[in-house]
Amino acid sequence: MSNLADTRPAVRPGVGLSGIELRKLLISAAIFVLAALVPFVFGGYPLQLAINIAMYAALATSWLLFSGPTNYIALSTAAFFGIGMYTVAGGIEILPYPVLILVAGGAGAALAAVVGLATLRVSGVYFVIFSLGLAELVRQIMTWLQHVLGTMSGVYVTIERSEPEYYWQLLLLTAVVYLVGWWIGRSRLGFALRIIGNDEVVAVHFVISSAFASVAGALVAPRWGYVEPVVAFNPFVSFQVVIMALLGGTHRLWGPLLGVIPFVLLWEAIAIEFPDETTLLLGVCFLLIVYVIPNGITGLIEDAWRGRAGSANGPVQRAFAPLKKLLQRNNDHA
């Protein structure tokens, strides 16, 4: 669970905005307003990159809502992202698209609520393994359902949307996720998570985070145009989201935003230059971030500001501590 010494709230829940908080909120609002102007400046390929950045910013920030304060390293983003995509793909002929976005968020929240209380008692490496397996389980169930329904191929999603519209929708989602995270951090819910951290409170955070991931999937489904299990529940999405969040830093709500931009650009170059080595290079990126900059870019910035070295006791280190101890014990016996 969370470390009280590291996560003590700066203000009491329910207290009005301080001058520093108000200034930070205004700066954040200004940044989002400037980001909204991107489609007026860029088009074509740069705008496509901006859309990917906006999508992963929403996913990484929503991931942080749960994993940041709880130290649970969740690799289940792809499960909820895929649920959002399939909600839109399966219901586009039945319900209006805006309604489907809400339904997608509800579906993701429902699944998170079902599995949350039953599995959040598991921690450390075991939760990491379970969360990774959740996406594969949902993918297999969806594949089986398509087989039963006689639709072995994917599903086409045809909705007329321009690239700027996709960008603004995802940017708006990112802003909403950020505001919700900011509100939770100041609310009694966030205070309870830091101080008490019981299963029910942690499950609420898991539900909120998962619902936003499903909404992100619903927003990009029309842009991808074709939805099938191997695409919708791609485990790469889960790993990339975690890496981006860790790169930016998990101890600040705005940390993932600093990690998404450089990683999306780097990954685009890797996909072009080394298309056959993406899995290997993804693992290398993960290891480098964990062991070289465990507190992310925000940690480096804060350490430079304070003039002291940062702590290596990040959430990933705590999650993998049992495995590292086991490996050390085997080395000692060797």
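The values are calculated or read from the model by the stated rules, or taken from the named source; none is laboratory data. For clarity, every value in this text was computed on a predicted model and none was experimentally measured. Backbone-built Cβ (ideal geometry, glycine too); neighbour counts: all protein chains shown. Please note that ligands, DNA and RNA were not included when accessible areas were found on the heavy atoms of the full protein model with its side chains. Shrake-Rupley method; radii C 1.70, N 1.55, O 1.52, S 1.80 Å.
Considering each of I27, I53 in turn, give the residue that is among the aliphatic types (A, V, I, L, M) and modelled with pLDDT of 90 or more.
I53
Filter the range 38-66 for residues that are within 16 Å of A79 (Cβ to Cβ) and aromatic (F, W, Y) and give the result.
W63, F66
If only one of G68, G82 is in contact with a helix residue (DSSP H, G or I) (Cβ under 7 Å, 6 or more places away or on another chain), of a type in the set (G, A, S), assigned to a helix (DSSP H, G or I) and buried (at least 18 other Cβ atoms within 10 Å of the Cβ), which one is it?
Residue meeting the stated conditions: G82.
Could you list, in sequence order, all residues of the range 215-272 that are open to solvent by 10 Å² or more (accessible area, probe 1.4 Å), among the aliphatic types (A, V, I, L, M) and not in a helix (DSSP H, G or I)?
Passing the criteria: only L253.
Please determine whether any residue of the range 294-305 is open to solvent by less than 20 Å² (accessible area, probe 1.4 Å), modelled with pLDDT of 80 or more and of a type in the set (A, V, I, L, M, F, W, C).
no
For the range 157-171, how many residues are open to solvent by 40 Å² or more (accessible area, probe 1.4 Å), closer than 30 Å to P256 by Cα and either at pLDDT below 80 or in a loop (DSSP other than H, G, I, E, B) (or both)?
Count: 2.
Please find, among G181, G154, G190, the residue that is modelled with pLDDT under 85 and crowded, with 21+ Cβ neighbours inside 10 Å.
G190
Under 6 Å between Cβ atoms, which residue pairs at least 6 apart in sequence (or on different chains) link something in the range 52-64 that is at positive phi with a partner that is among the basic types (K, R) and at pLDDT below 95?
Filtered contacts from the range 52-64: no entries.
Assuming F32 fulfils every condition listed in (1) touching a helix residue (DSSP H, G or I) at 6+ places or on another chain (Cβ under 9 Å); (2) part of a helix (DSSP H, G or I); (3) modelled with pLDDT under 85 apart from one, which condition is it?
Condition (3) is where F32 drops out.
If we scan the range 277-289, do we find a residue that is at pLDDT 80 or above, under 25 Å from A109 (Cα atoms) and either open to solvent by less than 60 Å² (accessible area, probe 1.4 Å) or in contact with a Pro (Cβ under 6 Å, 6 or more places away or on another chain) (or both)?
Looking through the range 277-289, none of the residues is at pLDDT 80 or above, under 25 Å from A109 (Cα atoms) and either open to solvent by less than 60 Å² (accessible area, probe 1.4 Å) or in contact with a Pro (Cβ under 6 Å, 6 or more places away or on another chain) (or both).
Do we have any residue at all in the range 112-122 that's crowded, with 23+ Cβ neighbours inside 10 Å, in a helix (DSSP H, G or I) and at pLDDT 85 or above?
The answer is yes, given that some residue of the range 112-122 is crowded, with 23+ Cβ neighbours inside 10 Å, in a helix (DSSP H, G or I) and at pLDDT 85 or above.
Kindly list, by first and then second residue, each pair from a residue in the range 169-184 that is in contact (Cβ under 8 Å) with a residue 12 or more places away in the chain and among the hydrophobic types (A, V, I, L, M, F, W, C) to a residue that is in a helix (DSSP H, G or I) and open to solvent by 60 Å² or more (accessible area, probe 1.4 Å), limited to pairs with Cβ atoms under 9 Å and residues at least 6 apart or on different chains.
W182/K24
Counting just the residues of the range 210-236 that are closer than 16 Å to A112 by Cβ and either at pLDDT below 90 or aliphatic (A, V, I, L, M) (or both), which one comes out farthest from the chain's Cα centre (by Cα)?
My answer is A218.
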